[in-house]
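Written below as structure tokens is the structure these notes are about.
The values are calculated or read from the model by the stated rules, or taken from the named source; none is laboratory data. Treat the numbers as computed from the prediction; the structure is a model and nothing was measured. For neighbour counting, all protein chains shown are included, and Cβ atoms are generated from backbone atoms with ideal geometry for every residue, glycine included. Areas reflect the complete protein model, heavy atoms only, side chains present, ligands, DNA and RNA absent. Shrake-Rupley method; radii C 1.70, N 1.55, O 1.52, S 1.80 Å.
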Amino acid sequence: MAKELACKKCKAITIGKVCPVCKSTELSSDWSGTIVIFDSKNSLVASTLQISTPHKYALKVT
Ligand SMILES: [Zn+2]
């Protein structure tokens, strides 16, 4: 099973080598916490975190 990586730019979690949300290749294996955004338009959390694409995100990426 591939280790999940989190994008350093938008915090999206991916198992690939490229972020599916912002296409960045700056991914980190050192992250913690997850949040799943289903409806970014009506989510207070998504707007607080400035997330516009429904996806699974890390809360903290280092
Ligand atoms: Zn990203």
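Quick one: what are the phi-derived ³J(HN,Hα) couplings along the stretch 6-23, Karplus 6.51/-1.76/1.60 with θ = phi - 60°, whole Hz, x for glycine and proline?
Rounded to whole hertz, the list is 10, 5, 6, 8, 10, 6, 5, 9, 8, 9, x, 9, 10, 4, x, 8, 10, 6.
What's the whole-number percent of alpha carbon pairs in the stretch 11-54 lying beyond 14 angstrom?
Of all Cα-Cα pairs in the stretch 11-54, 50 percent lie more than 14 Å apart.
Using 0.36 nm per residue of separation minus the Cα-Cα distance, give me the extension gain between residue 44 and residue 15 in nm, one decimal.
Working it through step by step, the gained length comes to 7.8 nm.
In Å², and per residue, what accessible area does the chain have when probed at 1.4 Å with the other protein chains present? Don't skip to the answer; put the middle values down first.
Working: 4280 Å² over 62 residues.
Heavy-atom accessible area per residue stands at 69 Å².
Just to verify a number: FRET efficiency for residue 53 and residue 28, C-beta to C-beta distance, R0 = 22 Å, to 0.05?
Numbers: r = 19 Å, r/R0 = 0.85.
With R0 = 22 Å, the Cβ-Cβ based efficiency is 0.75.
If you roll a 1.4 angstrom probe over the protein chains with everything in place, what fraction of the accessible area of the chain belongs to carbon and sulfur, to the nearest %? Present the calculation step by step, with values, prior to reporting the outcome.
Working: 2350 of 4280 Å².
For the chain, the apolar C and S fraction of the accessible surface comes to 55 percent.
Dipole size in debye (nearest 20) for the chain around its Cα centre, Lys and Arg Cβ +1, Asp and Glu Cβ -1?
Around 120 debye, computed over the chain.
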